[in-house]
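These notes are about the structure you will find just below.
Read-outs throughout are calculated quantities, based only on the coordinates presented, and are distinct from any laboratory measurement. Keep in mind that what you see is a predicted model, and the values were worked out from it rather than measured. Note that each Cβ is placed from the backbone with ideal geometry, even for glycine, and that neighbours are counted across all protein chains shown.
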Ligand SMILES: Cc1cc2nc3c(=O)[nH]c(=O)nc-3n(C[C@H](O)[C@H](O)[C@H](O)COP(=O)(O)OP(=O)(O)OC[C@H]3O[C@@H](n4cnc5c(N)ncnc54)[C@H](O)[C@@H]3O)c2cc1C
């Protein structure tokens, strides 16, 4: 019997726990620093077919059709003149049981949590120390207790403290010079879009995305925009909960996003975007890092959760085969997706009118070019 400790009950930790619990040779425990899993009700998540295939291995297909959505296309609009630029058929990689899916984060998290035995997750367990010297690793928590394990899986997100503890130095993500504003909105408040698709609005130094999160007319709204912040502002996370700061962000985005949309947004939340600079591999052969702790991607390819699921699945397969290292292909893949996410960010945030005009012409050609789509999206969605 192998004792496996998983740090963090986010998408990656919960998913790998679901996979590992299929094998009775593993005793799994998840240690989560908060008092419950983070449900963030209302907000959405996009899952491409590469992760749907892996989620189906734990019966994701059984989630009620009312609680998820399968968009057909990605419609690109210009925020300046509200005109459609072009559309991209994202359903071209779908098959009968694997469809591009949008849903509420809480639906995904609840599904992952419900697949586990209740007593697997220990809450209020913040890791403060790791001792990897002994044969059995020892994990110590803020409450003074500690546990021993054979395998340690680190899945505590972008700001992973556990990663810093095993590296014996602070491994910090870097600020992506961008802020995200997230909200929910009802379909009735949306005019001039096709509600069966994902709508992506391109502005100057800013883009917004709207998509349904279920079949009940609820939509997720997200705007990402360029904003430099000082070290002082970044060190004070309470700033992002401050009403005046949120109001100043709203006033900035309302210069480009239609007033009717702005006035109908609910549950608005803004936060800075942090990304990884490179992959950090643990030195100890029985310690593994997955999810955003492994690599936090820019959100402009909507691949963070899908990659968290892919990496977790690969680790599960490795453990089953007693292989303890991610192969170099994984690192190449995450770098390729990182590069494409940055390229999307660059293309979505242009501000010069002439360059925007050229970009729009190029996009209109590319979305119809099957060879390009198969290479740009297919390499991520099909592998
Ligand atoms: C604006 C934005 C939009 C996005 N949209 C999409 C999308 O549409 N599609 C997509 O695929 N991805 C998207 N992502 C990315 C996606 O949300 C993440 O990649 C994914 O949630 C990562 O999951 P995780 O389990 O690695 O980390 P997290 O979800 O961050 O979970 C980490 C868990 O660890 C816990 N924890 C932290 N520290 C400790 C500690 N010391 N001890 C114990 N527990 C600890 C935390 O409380 C948390 O529960 C988006 C990201 C952003 C920023």
Rounded to whole Å and ordered largest first, report the semi-axes of the equivalent ellipsoid of segment 230-287 derived from its Cα gyration tensor (root of 5λ). 35, 15, 11
Gyration tensor verdict on the chain (Cα atoms; rounded if a/c is under 1.5, prolate if a/b is larger than b/c, oblate otherwise): prolate
Compute the FRET efficiency between residue 235 and residue 96 as 1/(1 + (r/R0)^6), taking r as their Cβ-Cβ distance and R0 = 41 Å, and round to the nearest 0.05. 0.25
Once all Cα-Cα distances of segment 98-154 are split into 5 Å bins that start at 0, what whole-number percent is in each one? 4, 14, 17, 17, 14, 13, 9, 7, 4, 0
Could you give the nm distance between label points at residue 245 and residue 65, where each point is 7 Å from its Cα heading toward the beta carbon? 4.4 nm
What is the gain in length, in nm to one decimal, between residue 284 and residue 352 on full extension, counting 0.36 nm per residue of separation less the C-alpha to C-alpha distance? 19.6 nm
Taking only Cα atoms and a 10 Å spring cutoff, compute GNM fluctuations for the chain and point out the largest among 163, 113, 323. 323
Hey, how much of the P(r) for segment 1-153 falls beyond 17 Å, as a percent of Cα pairs? 68 percent
Subtract the Cα-Cα distance of residue 167 and residue 126 from 0.36 nm times their separation in residues, and report this length gain in nm to one decimal. 13.0 nm
Show me the ranking of peptides 102-109, 314-321, 60-67 by mean Cβ neighbours inside 10 Å, starting with the highest. 102-109, 314-321, 60-67
Cα-derived Rg to Rh of segment 160-227, Kirkwood definition: 1.20
Which values, in whole Å and largest first, are the semi-axes of the equivalent ellipsoid of segment 332-376 obtained as the square root of 5 times each eigenvalue of the Cα gyration tensor? 21, 16, 5
DSSP beta bridges in the chain, what fraction antiparallel, as a percent rounded to 5? 70 percent
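When ranked by the protection proxy of mean other Cβ atoms within 10 Å per residue, highest first, what sequence do the peptides 37-45, 230-238 form?
Packing proxy ranking, top to bottom: 37-45, 230-238.
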Using a Gaussian network model of the chain whose springs link C-alpha atoms within less than 10 Å, name the residue from 353, 258, 282 with the highest mean-square fluctuation. 353
Mean Cβ count within 10 Å, highest first, over the residues of peptides 145-155, 78-88: 145-155, 78-88
Just rank 182, 226, fewest to most, by other beta-carbon atoms within 10 angstrom. 226, 182
Run through every distinct alpha carbon pair of segment 295-369 and return the Kirkwood hydrodynamic radius in angstroms, one decimal place. 14.6 Å
In segment 258-383, if every C-alpha pair distance is counted and binned at 10 Å from zero, what percent goes to each bin? 10, 31, 29, 20, 7, 1
Send over the per residue convex hull volume for segment 142-291, Cα only, as a whole number of Å³. 183 Å³
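What's the Cα-based Rg to Rh of segment 88-193, Rh via Kirkwood? Mind dumping the intermediate values first?
On the way: Rg = 20.5 Å, Rh = 18.7 Å.
Rg/Rh for segment 88-193 comes to 1.10.
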Note the angle between two axes, namely the Cα long axis of helix 11-20 and the longest principal axis of the Cα atoms of the chain, as a number of degrees from 0 to 90, rounded to the nearest 10. 50 degrees
Projected label distance in nm at residue 89 and residue 364, using a 7 Å step from Cα toward the beta-carbon: 2.0 nm
Who wins for biggest fluctuation among 50, 177, 23 in a Gaussian network model of the chain, springs between alpha carbons below 10 Å? 23
So, in Å, what gap is there between the alpha-carbon centers of segment 207-229 and segment 326-351? 21 Å
P(r) for segment 130-181: what percent of alpha-carbon pairs falls in each 10 Å bin, starting at zero? 21, 45, 22, 11, 2
What shape does segment 23-62 take by its C-alpha gyration tensor, where a ≥ b ≥ c are the square roots of the eigenvalues and a/c under 1.5 counts as rounded, a/b above b/c as prolate, and the rest as oblate? oblate
